[in-house]
Amino acid sequence: MSRLQSWPEPIIRVHELSESGIKKIPKNFVKLPSDRPSFIKEMTTLSSSHIDDIPLIDLENLKSSDESIRDETMEIISKACREWGFFQVVNHGVSHELMANARGVWREFFHLPLDEKQKFANSPITYEGYGSRLGVVKGAKLDWCDYFFLHYLPEKLKDENKWPTLPISCRQIIGEYGQEVMKLCERLTKILSINLGLNEDYLHTKFGGDNERGACLRVNFYPKCPQPDLTLGLSPHSDPGGMTLLLPDTDVAGLQVRCGDDWITVKPIPNAFIVNMGDQIQVLSNAIYKSIEHRVIVNAAKERVSLAFFYNPGGDILIKPADELVTEDRPALCLPMTFNEYRAFIRTKGPCGKSQVESLKSPR
């Protein structure tokens with residue numbers, strides 16, 4: 001698939017719009033009525049359904065000397081992956097100070113003068129750098145968000161020269177943060193593999209092992225929005241990769257997860273990561289684990305920063321359901337496809353609900 005060398009329209013920096021004092025958002029940010037957040041409906045539905053948040057898991061319980069506590073925690077994780085596709089984890093081993101520093105240094109970056117940020121402006125070729133839109137469809141509705149995207153793995157894609165030089169500590173903190181979150185991803189994929197009845201290294205191996213697996217970071221900055229009821233910070237989508245670890249902004253909620261016909265606003269827990277299954281894990285698990293649609297709402301009074309760490313299969317690795325999970329009663333539910341082939345579609349379309357993973361379904 002050919003890629004555009006530049007964006008189809010002039011880029012609009014959302015932070016600059018927000019800081020300009022506008023009272024109405026430009027029409028290209030206004031979502032169709034059916035796509036807008038409906039805060040009254042959501043609050044009413046949630047109060048009647050008694051479902052108010054995604055599961056919270058304490059990973060320290062897996063070190064308990066009590067086998068029943070360890071087994072119960074493994075089951076809670078399994079159920080969260082099967083029913084929600086999302087959960088929060090605490091006592092995960094990543095330094096709380098490092099988490100706060102990472103979030104803080106990125107907030108500083110997005111508040112730098114525009115000329116400084118523009119030094120790292122990205123293009124649709126790789127999306128690396130400072131950006132303000134996803135997808136290359138001309139005239140598409142835009143999301144109320146600026147972002148920075150960078151690679152950690154594989155090593156051949158990692159280029160620290162494309163990482164911000166300011167604030168001064170930025171590159172060092174970015175590097176340390178990547179190393180620590182990677183360790184947590186390795187730990188979680190072992191848990192997910194065991195819960196599927198597979199060898200603990202199954203997902204690690206199918207992602208490409210130490211040499212071919214992928215990891216990247218998208219830092220999202222959602223500026224204050226004068227009309228948050230008309231737009232979204234990020235349109236509904238499921239994550240195309242393997243697994244996502246999100247470090248949210250603890251000062252203001254924004255992530256919403258689909259639950260049936262409703263949207264549940266995730267309440268960030270201090271020093272927790274929000275974990276969600278991506279499309280590739282849904283495929284590898286033969287849809288036992290669910291990659292769930294989610295979106296981001298914005299706020300009129302507060303800005304928001306979040307760090308999404310994507311842990312992915314290598315781009316050229318063929319992803320298909322695990323042989324051990326394919327039976328006569330449960331045949332392979334998805335067609336084999338490399339991760340590169342799959343995300344080429346995503347790059348063109350931008351966030352597009354669940355249609356991306358649905359496109360992998362085997363014909364019946």
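The values are calculated or read from the model by the stated rules, or taken from the named source; none is laboratory data. Remember, it's a predicted structure, so these values are computed and weren't measured experimentally. Reconstructed Cβ throughout: ideal geometry from the backbone, glycine too, with neighbour counts over all protein chains shown. In case anyone asks, the SASA skips ligands and DNA or RNA and just uses the protein heavy atoms, side chains included. Shrake-Rupley method; radii C 1.70, N 1.55, O 1.52, S 1.80 Å.
Filter the range 258-268 down to the residues that are of a type in the set (A, V, I, L, M, F, W, C) and open to solvent by 10 Å² or more (accessible area, probe 1.4 Å), then identify the one that is nearest to K190 (Cα to Cα). Give the steps one after another, and end with the answer.
Taking the range 258-268 as the starting set, the residues that turn out to be of a type in the set (A, V, I, L, M, F, W, C) are 259, 263-264, 266.
Applying the additional criterion that residues be open to solvent by 10 Å² or more (accessible area, probe 1.4 Å) yields 259, 263.
Working: C259: 26, W263: 30 Å.
Among them, the one singled out is C259.
State which residue is nearest to L150 (Cα to Cα) when the search covers only the range 209-257 and only residues that are among the charged types (D, E, K, R), more than 10 Å from the chain's Cα centre (by Cα) and open to solvent by 10 Å² or more (accessible area, probe 1.4 Å).
It comes out as R213.
If the requirement is being closer than 18 Å to P248 by Cβ, of a type outside the set (D, E, K, R), at pLDDT 95 or above and surrounded by fewer than 21 Cβ atoms within 10 Å (Cβ to Cβ), which of these qualifies: N276, N271?
Result of the check over N276, N271: N271.
Anything in the range 34-72 that is modelled with pLDDT under 85, closer than 24 Å to N299 by Cα and polar (S, T, N, Q)? List them, or say none.
Selection gives S38, T44, T45, S47.
Just to be sure I understand, how many residues within the range 76-97 are out of contact with any strand residue (DSSP E or B) (no Cβ under 8 Å at 6 or more places or on another chain), farther than 25 Å from E293 by Cβ and in contact (Cβ under 8 Å) with a residue 12 or more places away in the chain?
3
Does the range 323-333 hold any residues that are within 26 Å of R187 (Cα to Cα) and touching a Ser or Thr at 6+ places or on another chain (Cβ under 7 Å), and which are they? Show your work before the answer.
Initially, the range 323-333 is screened for residues within 26 Å of R187 (Cα to Cα), giving 323-326.
L325, the sole residue that qualifies.
Tally the residues that are modelled with pLDDT of 95 or more and open to solvent by less than 60 Å² (accessible area, probe 1.4 Å), restricting the search to the range 8-27. Talk me through it step by step, then tell me what you get.
Within the range 8-27, the first condition is being modelled with pLDDT of 95 or more, and the residues that meet it are 13-20, 22-27.
After this cut, where a residue has to be open to solvent by less than 60 Å² (accessible area, probe 1.4 Å) as well, the list is 13-15, 17-18, 22, 25-26.
The total comes to 8.
For the range 113-134, which residues satisfy the criterion of being within 15 Å of V14 (Cβ to Cβ) and either open to solvent by 30 Å² or more (accessible area, probe 1.4 Å) or part of a loop (DSSP other than H, G, I, E, B) (or both)?
L114, Q118, A121, N122, S132, R133, L134
Against the condition free of Cβ contacts under 8 Å to residues at least 24 places away in the same chain, part of a helix (DSSP H, G or I), of a type outside the set (F, W, Y) and open to solvent by less than 60 Å² (accessible area, probe 1.4 Å), how does G178 come out, does it pass?
no
Got a number for residues in the range 195-208 being crowded, with 16+ Cβ neighbours inside 10 Å, of a type outside the set (S, T, Y) and at negative phi?
Summing the residues that are crowded, with 16+ Cβ neighbours inside 10 Å, of a type outside the set (S, T, Y) and at negative phi in the range 195-208 gives 7.
Return the only residue of W106, W144 being among the hydrophobic types (A, V, I, L, M, F, W, C), surrounded by 19 or more Cβ atoms within 10 Å (Cβ to Cβ), in contact (Cβ under 8 Å) with a residue 60 or more places away in the chain and assigned to a helix (DSSP H, G or I).
Values: W144 fails: assigned to a helix (DSSP H, G or I).
Only one candidate qualifies: W106.
Given the criterion modelled with pLDDT of 95 or more and closer than 26 Å to N161 by Cβ, identify the matching residue among P113, P124.
Answer to the check: P113.
Find the residue count for the range 151-169, including only residues that are surrounded by fewer than 11 Cβ atoms within 10 Å (Cβ to Cβ) and more than 25 Å from L114 (Cα to Cα).
2
So is D323 of a type in the set (D, E) and free of Cβ contacts under 8 Å to residues at least 60 places away in the same chain or not?
Spelling it out, D323 is indeed of a type in the set (D, E) and free of Cβ contacts under 8 Å to residues at least 60 places away in the same chain.
Test Q172 against the stated conditions and say whether it is farther than 21 Å from E16 by Cα, touching a strand residue (DSSP E or B) at 6+ places or on another chain (Cβ under 9 Å) and not in a strand (DSSP E or B). It would help to see each step written out before you state the result.
Numbers: farther than 21 Å from E16 by Cα: yes; touching a strand residue (DSSP E or B) at 6+ places or on another chain (Cβ under 9 Å): no; not in a strand (DSSP E or B): yes.
So Q172 fails the test.
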